[in-house]
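The values are calculated or read from the model by the stated rules, or taken from the named source; none is laboratory data. All figures in this text were calculated on a predicted structure; none of them were measured in a lab. Every residue, glycine as well, gets a Cβ built from its backbone with ideal geometry; the counts of neighbours run over all protein chains shown. To get the accessible areas, we keep the full protein, side chains included, count just its heavy atoms, and leave off ligands, DNA and RNA. Shrake-Rupley method; radii C 1.70, N 1.55, O 1.52, S 1.80 Å.
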Amino acid sequence: MTGAGALTGIVTTDIAAVTRGRFVASSAFEKMLTGGVGWLQANLSLTPFNVIAHPNPWGSSGDLRLLPDATARFRTAKTGADTPFDMVPGNLVELDGQPWACCTRTILANALNDLKAQTGLTIVAAFEHEFKLLDAGLPREHVMSFAGLRRVDGFASQVMEALDEAGLKPEVIISEYGEDQFEVTNAPSTGLAAADRAVALREIIREIARNRGWKASFAPKTSPSSVGNGVHIHFSLVGADGQPASYDASGPSGLSEAAGAFCAGILKHLPAITALTASSVSSYYRLKPHNWSSSYTWLGDKDREATLRICPTVTIGGNDPAKSFNVEYRAADATANPYLALAAIVRAGLEGLKARLPCPPVHSGDPDELTEADRAELGLRRLPETLEDALEALQGDPVVASWFPKVFLDTFTGMKAFEIKSLEGLDEEATCASYRAVY
Ligand code: GLU
Ligand code: MG
């Protein structure tokens with residue numbers, strides 16, 4: 001696997017949710033563990049369209065090191081490439097090894113550490129991905145059908161084998177509801193590993209498609225009228241004793257007190273964190289009512305329109321529901337950095353835990369059909385409807401702002417404002433096309 005010629009990529013994922021990095025000969029990788037490879041601050045201001053936003057807080061000077069985390073290495077020889085796929089997520093540090101405050105992976109690690117230190121809880125998560133296969137000349141088949149998947153049987157089995165070999169523990173691949181849309185799920189893991197896996201999964205699937213001359217696009221909307229590609233972030237809490245801590249048979253829809261408070265924190269800060277979980281202009285074409293994507297600050301029991309969906313538990317064969325009980329955050333897509341998205345969820349949940357917020361009302365039914373007064377009583381607020389509104393909500397929530405270094409938020413909002421500006425004058429179709437090409 002790591003013979004002569006093979007390369008190992010040491011990577012970081014930026015605000016644009018683009019995974020970037022540097023490659024070394026795999027035979028030399030071990031030597032990189034101490035000092036890492038070079039990186040620079042201004043890269044964090046790169047837009048998805050490959051231009052560094054300006055103004056930005058960084059300018060042309062400054063250097064960092066990208067230190068690989070050898071425990072998070074993803075390797076597979078099954079992507080159809082000339083050499084094995086070998087990717088190692090890393091942490092950005094200053095030249096003396098101090099953590100760089102704007103490293104997105106470190107931002108998540110810190111959030112997870114604080115959750116544990118302040119509550120004793122840890123989080124287990126899994127990112128469920130939808131994507132479309134473009135330029136593949138696929139024959140038309142019914143959506144969600146057997147034939148819909150069989151028409152890409154070689155691709156689908158290659159994806160599952162590659163993900164398995166890379167250690168992602170893939171579970172199910174399906175032909176989804178959209179035209180030429182597919183979905184892959186993988187097993188839950190600890191918070192940091194879940195985000196690492198999300199990064200690896202996207203790169204592995206993109207690489208397999210590319211090596212067939214196709215494009216796998218994870219863009220939230222490949223066209224305004226198409227079915228959206230969501231990233232659904234499943235999470236559950238684990239107690240200090242290592243036991244599942246989200247489930248209580250006597251709680252509302254099975255939510256434990258802790259899980260209820262965690263969900264309440266997310267809903268409270270949801271308008272502000274949406275920019276961190278749905279980070280592009282086209283994300284907001286997806287987050288509309290009746291798209292099964294989520295559009296209100298809404299906790300629902302097994303309801304796919306809700307932002308937080310309490311997922312079903314399967315008790316067939318005497319399975320313990322506590323073990324599989326989880327909640328799914330649906331207002332996310334692949335234009336959001338998985339580390340930042342999960343960090344925002346964890347930080348918001350932690351606020352709910354610290355304030356001992358009561359479990360929000362579990363609502364079922366169409367929020368659009370309620371009166372404004374009823375929605376207000378249930379705490380159902382419309383999510384931001386544009387990226388501009390989402391950025392305003394982010395900047396307008398001092399609690400959320402307090403989770404991040406100021407320079408990080410300035411970089412985030414500055415880059416996103418520049419991204420919005422670079423799409424000025426484009427209609428929705430052209431905007432979707434821009435994102436479709438790069439995600
Ligand atoms: N495609 C939907 C979305 O944009 C999700 C459909 C589903 O429930 O899997 O999130
Ligand atoms: Mg789906």
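For the reader, a short list of remarks on this structure follows.
- First in the stretch 226-244 and touching a residue at least 40 places away in the same chain (Cβ under 8 Å) and closer than 13 Å to Leu308 by Cα, second anywhere and away from ligand 1 (no atom under 16 Å from the Cβ) and part of a loop (DSSP other than H, G, I, E, B), Cβ under 9 Å, 6 or more apart: His234/Pro188; Phe235/Pro188; Phe235/Ser246; Ser236/Pro188; Ser236/Ala245; Ser236/Ser246; Ser236/Phe325
- Positions within the stretch 289-304 being hydroxyl-bearing (Ser, Thr, Tyr) and within 16 Å of ligand 2 (Cβ to nearest atom), in sequence order: Ser293, Ser294
- Answer from Ile204, Ile233 - the residue that is away from ligand 1 (no atom under 16 Å from the Cβ) and either open to solvent by less than 10 Å² (accessible area, probe 1.4 Å) or acidic (Asp, Glu) (or both): Ile204
- Counted residues, the stretch 301-357 - those being among the aliphatic types (A, V, I, L, M) and part of a helix (DSSP H, G or I): 12
- Unique residue being open to solvent by 50 Å² or more (accessible area, probe 1.4 Å) and not in a loop (DSSP other than H, G, I, E, B) when the list is Asn110, Asn91: Asn110
Conditions (1) more than 22 Å from Phe74 (Cα to Cα); (2) over 21 Å from the mean Cα position of the chain (by Cα); (3) away from ligand 2 (no atom under 16 Å from the Cβ), marked per residue:
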{"position": "Gly148", "(1), (2), (3)": "yes, yes, no"}
{"position": "Val152", "(1), (2), (3)": "yes, yes, yes"}
{"position": "Gly167", "(1), (2), (3)": "no, no, yes"}
{"position": "Ile174", "(1), (2), (3)": "yes, no, no"}
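- Asn326, sole failed condition from (1) touching a Lys or Arg at 6+ places or on another chain (Cβ under 6 Å); (2) at pLDDT 95 or above; (3) open to solvent by 10 Å² or more (accessible area, probe 1.4 Å): (1)
- Any hit, the stretch 376-399, residues being on the phi > 0 side of the Ramachandran plot and open to solvent by 30 Å² or more (accessible area, probe 1.4 Å): yes
- Filter result for the condition that a residue is of a type in the set (D, E, K, R), out of contact with any Lys or Arg (no Cβ under 6 Å at 6 or more places or on another chain) and buried (at least 24 other Cβ atoms within 10 Å of the Cβ), over Asp301, Asp196, Asp241, Asp248: Asp196
- Sole exception among (1) within 16 Å of ligand 1 (Cβ to nearest atom); (2) over 22 Å from Glu419 (Cα atoms); (3) crowded, with 24+ Cβ neighbours inside 10 Å for Thr277, by number: (2)
- Just one of the numbered conditions (1) within 16 Å of ligand 2 (Cβ to nearest atom); (2) surrounded by fewer than 18 Cβ atoms within 10 Å (Cβ to Cβ) is not true of Asp180: (2).
- Top-ranked residue in the stretch 122-135 [being open to solvent by 20 Å² or more (accessible area, probe 1.4 Å) and more than 16 Å from ligand 2 (Cβ to nearest atom); ranked as farthest from Ala16 (Cα to Cα)]: Thr122
- Subset of the stretch 272-300 [out of contact with any helix residue (DSSP H, G or I) (no Cβ under 8 Å at 6 or more places or on another chain) and within 19 Å of Leu391 (Cβ to Cβ)]: Arg286, Lys288, Ser294
- Selection count where residues are assigned to a helix (DSSP H, G or I) and surrounded by fewer than 18 Cβ atoms within 10 Å (Cβ to Cβ), scope the stretch 415-430: 7
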